[in-house]
Amino acid sequence: MIDQTIPAGLAAWLVPPEPPIGPAIVLYRNEFTLAHNTEFKLKFSASEYADLYLDGEWVAEGPERGDNRHRFFAEYAATLNPGRHVLVARVLFAPGEASVSGFPGDGFGFAAVSDSLTEPWSCRIPEGIELAGAFPDWGGSPRVQIASGFDWSCLQGGGGGWLPAVTTSFPLPAEPPWLPPMRREPEPGYRLHREPGRLLVIFDDYVCVRAEYVFRGPGRVETRWAESLYDTPEFDRVHLTGPKGNRSEFRGKHFIGAANNYELPGGECCWRELRWKAGRYLEIRLAGGAELAELRFERTGYPYVREWRADTDLPELNRTLELAWRTLECCSADTLMDCPFYERLQYIADSRLEALTGFVSTTDDRLFRKALRMFADSQQPDGLLFTRWPSRQIQVIPSFLLHYVIFLHEFASWRGIGKVREFLPAARRVFGWLARRTSGGLLAFPGWHDVTSGTEWNDSKKGWNFIDWCENWNYGAPPDESILNLLYLLAQKKMAELEAACGFREHADFYREEAAATASRVKAAYPLRAVTEHAAALAVLAGLCPPEEFELTPGMTPAGISFSHHILEAAYLAGRGDLFHRRLEAWYGFPANGLKTLPENFGTPRSDCHAWSSHVLYHYFSSILGIRPGAIGSNRWNIAPLPGGKIRRASGTMAHPAGAFRVAWEELDDGRLRIDYSVPDGIELAICGEPAENSGRRIVLRKQPVP
């Protein structure tokens, strides 16, 4: 029976009698017998990750990814027939860098809601299997090396070596999940290319899937995943880049990276990957008498509901929007991620842009709010936020702390101040940490040019003054801190608006005064003529430069794909449809290169799926259709489209908890726009700044001629 007095959400926490040495798989088994049909319900958790096998069949996984303050439990329920049943939990224990995105441990916790699991648990660390760090997808699941002595029946509860599991104290109280269960949908979209001793699985789209194999016969098998193949075997092992060419071409191209290896004893052997896999290609090499009997793929990821629609007379833009949505889907699981193939880490700046994309495409903001909360949970006593969280490797990027403040402001603007009020103290402490790292009133981080990671942070360590991936910048760090201080000014202004909207007048006044002082110092310290696109855009967004003066000139350091969000934002505020659509065209060539998602950067990217590039979907609704919230904390909205480029017609439906926003515009022969629109009841609406009814048709003059 469950001890209901334990306030941890679980009945027991189990560990092996002897802890494993190094990365390992730890199995926990419970054999039980039912006298009649039973509604079997189980809560379970694990130090890092576990999946459950009931009578040899995979049935569940969990828990939701937490951190060192929050441990969650997962739930499984089924109706079981009378008779004997075997439940096995496969727990991943991967200390060190074998899996950098979780918190390692070998424990397993459970609570059976029914009285089914009355028998004691046993435990086993199977022999003949070794885990090694992954490369180049270093944040994914460890590589598996299965030798001839491995007992393939262990996931069915078979074999010997089972010992009584040890009950120990709870490491953390287990909480109910914050998020819904991840997707479980069959993934049939692939084809097979066969060669002697080699089978290539080619997916129709970029996928995030749980994968299961059934092998037959004695021999050896090697499996290797890739999100894209390479033109040559040459590979930059530091930057994880190489020439890829067209991503849809596979003949004559090369896989890069370590493989899983399996020694098969004969008969039929079933193996399910330790974690879900991502990419476009799977290579399976067979030797000896080994055969592949069956493949099973199941799509996973955050269960977004698509609530947006878009259509224009420009096919390139329509395709780009679909790629943006697919990219957001693939970079969303039980946390937001920078990319699904490589580190799979939740970064502040990436999460901010992913959330903007989500605000216009779905009403479900639970994943985005979890990101805000987890970053706040990473805060240290002195106010520092970690750049990526949860993560075993600590990283500090000063600009990302500023992105957190702007993230709060944007969340409040699109979803209401009630969603972010609890995070204001964390934002205030961020400014406290930054204020102690100024010189002459401006942020200064000399020497912060390289990536520095470790398990702990202290002031003797240098972080990474990353701004954007730009040619001739050392690891994304610009030659001076002018861009960082413009972002500092923008964050101070956003914080003042946020504090005012939440009713904290004294705090709002403080940040207004700080912003005014920063503006004066920036003007005095740095040249007025911007030498980077980054500075030109931020000067407009931070109010140092009138929007009508915004210009991008030859010779400026160009912004990468993520920072181009600020370029598009400044162009919108300036009414520069020419600059806006010229930058947007940089996305249009990706499908011609075989890409099914949007990459980490222009040029030769490391990752082919990186959701900070999906902000073009946000800009379709907020800039091209021009649907934007008004003053933060108000119920005012504005519709002010920005035509330009080759687009002559655009329409769409934007998701919002208050109801759908629908806008359609068409450029008339005389250069005017006809706008049809409808917004939810109760919205105080303006069209191009003029008061309007909530639905209707208008013909308005364009502010700027379209080249």
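Overview of results
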{"quantity": "Enumeration of residues in region 246-265 that are in contact (Cβ under 8 Å) with a residue 40 or more places away in the chain and farther than 18 Å from Ile284 by Cβ", "calculated": "Asn246, Arg247, Ser248, Glu249, Pro265"}
{"quantity": "Within region 515-526, considering residues that are touching a residue at least 24 places away in the same chain (Cβ under 8 Å) and assigned to a helix (DSSP H, G or I), the one farthest from Ile417 (Cα to Cα)", "calculated": "Ala525"}
{"quantity": "Boolean, Leu579 is assigned to a helix (DSSP H, G or I), over 22 Å from Glu471 (Cα atoms) and touching a residue at least 12 places away in the same chain (Cβ under 8 Å)", "calculated": "no"}
{"quantity": "Residue in region 625-648 that is assigned by TED's automatic domain parsing to the domain that holds Ser332, in a helix (DSSP H, G or I) and touching a Leu at 6+ places or on another chain (Cβ under 6 Å) present", "calculated": "no"}
{"quantity": "Condition met for Gly447 (more than 23 Å from the chain's Cα centre (by Cα), in a helix (DSSP H, G or I), assigned by TED's automatic domain parsing to the domain that holds Arg366 and exposed (fewer than 15 other Cβ atoms within 10 Å of the Cβ))", "calculated": "no"}
{"quantity": "Identity of the residue in region 221-234, over 19 Å from Pro142 (Cα atoms) and surrounded by 16 or more Cβ atoms within 10 Å (Cβ to Cβ), that ends up farthest from the chain's Cα centre (by Cα)", "calculated": "Tyr230"}
{"quantity": "Residues within region 24-47 that are crowded, with 20+ Cβ neighbours inside 10 Å, in contact with a Ser or Thr (Cβ under 8 Å, 6 or more places away or on another chain) and more than 16 Å from Ala111 (Cα to Cα), tallied", "calculated": "0"}
{"quantity": "Selected residue [surrounded by fewer than 22 Cβ atoms within 10 Å (Cβ to Cβ) and not small (Gly, Ala, Ser)] from Pro136, Pro142", "calculated": "Pro136"}
{"quantity": "Selection from region 378-389 of residues that are buried (at least 21 other Cβ atoms within 10 Å of the Cβ), out of contact with any Leu (no Cβ under 7 Å at 6 or more places or on another chain) and not β-branched (Val, Ile, Thr)", "calculated": "Leu384, Phe386, Trp389"}
{"quantity": "The one condition in (1) surrounded by fewer than 23 Cβ atoms within 10 Å (Cβ to Cβ); (2) part of a helix (DSSP H, G or I); (3) not aromatic (Phe, Trp, Tyr) that Leu402 fails to fulfil", "calculated": "(1)"}
{"quantity": "Single residue of region 305-324 satisfying the filter (touching a strand residue (DSSP E or B) at 6+ places or on another chain (Cβ under 7 Å) and outside any strand (DSSP E or B)) that is nearest to Glu354 (Cα to Cα)", "calculated": "Leu321"}
{"quantity": "Residues located in region 654-672, provided they are surrounded by fewer than 20 Cβ atoms within 10 Å (Cβ to Cβ) and of a type outside the set (A, V, I, L, M)", "calculated": "Pro657, Gly659, Arg662, Glu666, Glu667, Asp669, Asp670, Gly671, Arg672"}
{"quantity": "Boolean, Asn458 is in contact with a His (Cβ under 9 Å, 6 or more places away or on another chain) and assigned by TED's automatic domain parsing to the domain that holds Phe510", "calculated": "no"}
{"quantity": "Number of positions in region 236-287 that are assigned to a strand (DSSP E or B), of a type in the set (Phe, Trp, Tyr) and farther than 27 Å from Ile25 by Cα", "calculated": "0"}
{"quantity": "Residues of region 638-681 satisfying the condition of being within 30 Å of the chain's Cα centre (by Cα), closer than 18 Å to Leu584 by Cβ and not hydrophobic (A, V, I, L, M, F, W, C)", "calculated": "Pro641, Ser651, Gly652"}
{"quantity": "Qualifying position, being under 30 Å from Gly503 (Cβ atoms), in contact (Cβ under 8 Å) with a residue 60 or more places away in the chain and not acidic (Asp, Glu), among Leu434, Leu424", "calculated": "Leu424"}
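The values are calculated or read from the model by the stated rules, or taken from the named source; none is laboratory data. Please read these numbers as outputs of a predicted model, since none were measured by experiment. Using ideal geometry, Cβ is built from the backbone for each residue, glycine included, and neighbour counts are taken over all protein chains shown.
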